[in-house]
Amino acid sequence: VCSQERCFSSLVPAQPVPPLAQTLQGYLRALEPLIPEEELVHTRKNIQKFCGEGGLGPQLQEGLERRARHSNNWISDWWVQWAYLESRQPLPVHSNPAISLPKRDFSDWRGQLVFASKLIAAALDFKNVVDNGRLPVEYMRGQPLCMELFPLLFSSCRIPGRKHDTITHHSRARHITVVRNYQFFQMDVYNSDGSRMTESQIHAQLLRIRAESWKTDKEPMGILTSEHRQTWGQAYSRLLKDKLNKESVRAIEKGLFTLCLDSPVMRVSDDKYSSRMAAQILHGGGTHSNSGNRWFDKTLQFVVGEDGSWGLLYEQATAEGPPIATLLDHILQYCKKPDPKKTPLIPLQMPKKLYFNIDREIKRDIEHAKQNLDILINDLDIRCFNFQRFGKELPKQHNLSPNAFIQVALQLAYYKVHNEVCASCDIASQRMFRGGRTDYIRSPTNQMLKFVLTFDDPSISREAKLELLREAIETYVTLTDQALKGQSIDRHLLGLKLQAIEEGLSVPRLFMDTAYGLATHWKLRTGQVPANTDSVMCFGPLVPDGYAVCYNPQSDHVHFSVTAFNCCEETQAETLAATLHSTLCQLQELLQPTV
């Protein structure tokens, strides 16, 4: 894997450390639409002290530049540690994104197993392409992208710890784990001669697993992985004291990926189907449903229902959106083809059922985890909808960036609901740099705020509003370009803060300021799904009084998912989703007025 990683990343440059003055100016500009002028005066003074003579800024910047010279990437390891591994929040809803894919043409367990066999074969085929160095280097805007995450997608798992988690990666696994009715199985997917199993061999093994797992009276061990990370870390230590438990857990962790064969769920009306489906992939629907059919620490989990529903849940410390989109694209292409391989007449070993010794303490841990997960699931409000009036072609016809257009629509919809704008983050890939992960593109900008404030003002002409819309979009495009060149502000600010901690210095006042708290209280977490298919991505908000909005723009329609927490009275996913729908219609009217 190491040599592969080297060849995957040798084509791309190192990630630059942005100039200090540029980041601090960008930070001030980002604050202007969010906080009153009198508070800004205080922040400006803090910034002047920070970067002036005797201030910590230049010293910390020098430390980051030194770090950049001596590491693969100056921020990625810190980011993964800080954003993921040290976070103590549960993985379902708060962290792991879910992608639900277009419904397949089957409606019973037989069709479920046939499709699951194809899906496993497709994922193994993708792994083979990666392992043999045949995965084409991806490009963005003519620049090659870092490919080093791809080999790490398989056989990796997050391991809980009391203070922070770790990642484990195994390079020689020959099995996957399959979970059905809360029971886990270790299933080899390679023959003794090293060849990949055919779809019919895989299908035969899945039939055997089904026959062995028809009872639902087993303890849902997977529920433990949904806990608060410190709680799960303590339970994990207790669980692994037993030799049998340790063997079973290790088999799950080492597996190439996990396949979750979900039991049937209650039917819902068509307009609610996509929301229910997204919830099903995201958290399993509750402990009375399929939440025990997950191992949330696993990097890749494919979920297949009996009603044609399917999707993928992934763990972000190792995986992120674009590589996952490439994997799914490969799977969808593979699924269109007939099974290319003849089945050898080899007797197959029975898949190995994984057993657990459950004492009173572990039983109590499971009961607590069940209660906590159901509380979390009941607190999450999910609304998915397919906006069908137009897609990315409409803004393109007016020489406007589709992504920036949707971001402006989101700010406008938020303003209509809450009568204010809020700190929002859109995710920008940093894969054009070696070991690069992500940074944020921030909104609102001053130009966006100006447009939002004038949008419903009847005294302002359509032409003036169009000009303000164009300015808002162009400013956002500039911020996007800066982010894609490694010149965004958020990872740099985080790096400066962590460098101070690394050097044993007190955290600079700049980061203790109320303005910094407000600027990083992301009430709107957004993400564009880079997919060529009608998939819906979904995750929970970053803060209790916030939203998460994912969107997948296709040429003539856009898929949206909106989430919020019920515990916050001010935020309702349904209200924001409906307002977003009407806002997009109004923006279309602005661009193309009907006579």
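The values are calculated or read from the model by the stated rules, or taken from the named source; none is laboratory data. None of the values given here were measured: they were computed from a predicted structure. Note that each Cβ is placed from the backbone with ideal geometry, even for glycine, and that neighbours are counted across all protein chains shown. Note: accessible area is taken over every heavy atom of the protein model, side chains too, but ligands, DNA and RNA are not part of it. Shrake-Rupley method; radii C 1.70, N 1.55, O 1.52, S 1.80 Å.
Quick notes on this one:
- Residue 307 contributes about 40 Å² of solvent-accessible surface, heavy atoms of the protein only, 1.4 Å probe.
- What the phi angles of segment 393-401 give under the Karplus curve with 6.51, -1.76 and 1.60, with θ = phi - 60°, is a coupling list of 5, 4, x, 4, 4, 9, 6, 10, 5 Hz, glycine and proline written as x.
- Shape class of segment 1-106 from the Cα gyration tensor (axes a ≥ b ≥ c, square roots of the eigenvalues): oblate, since a/c reaches 1.5 or more and a/b does not exceed b/c.
- The 3J(HN,Hα) values that the Karplus relation (6.51, -1.76, 1.60; θ = phi - 60°) gives for segment 522-534 are, in residue order, 6, 6, 10, 9, 10, x, 8, 8, x, 10, 8, 10, 7 Hz. Gly and Pro appear as x.
- Residues whose amide H lies under 5 Å from that of residue 557, counting only those 5 or more places away or on a different chain, are 391, 392; hydrogens are built 1.01 Å from N in the peptide plane.
- Residue by residue, segment 142-149 carries 3J(HN,Hα) couplings of x, 9, x, 10, 5, 10, 6, 6 Hz when phi is fed to the Karplus relation 6.51 cos²θ - 1.76 cosθ + 1.60 (θ = phi - 60°); x denotes Gly or Pro.
- Rounded to 10°, Cα long-axis angle of helix 20-31 versus longest principal axis of the chain: 90
- Cα long-axis angle, helix 199-212 against the chain (0 to 90 degrees, to the nearest 10): 80
- Neighbour cut-off at most 15 other Cβ (10 Å), DSSP loop, trypsin sites (Lys or Arg not before Pro), segment 314-403: 336, 341, 342, 389
- Which labelled figure in (i) 45, 29, 21; (ii) 41, 28, 24; (iii) 55, 26, 21 is semi-axes √(5λ) of the Cα gyration tensor in Å, once derived from the coordinates: (ii)
- For segment 80-153, the list of GluC sites (Glu not before Pro) that fall in a loop by DSSP and count at most 14 other C-beta atoms within 10 angstrom reads 86.
- Angle in degrees between helix 462-484 and the longest Cα principal axis of the chain, rounded to the nearest 10: 60
- For the listed residue pairs 272/465; 49/497; 363/523; 246/363, the alpha carbons are over 26 angstrom apart in 272/465; 363/523.
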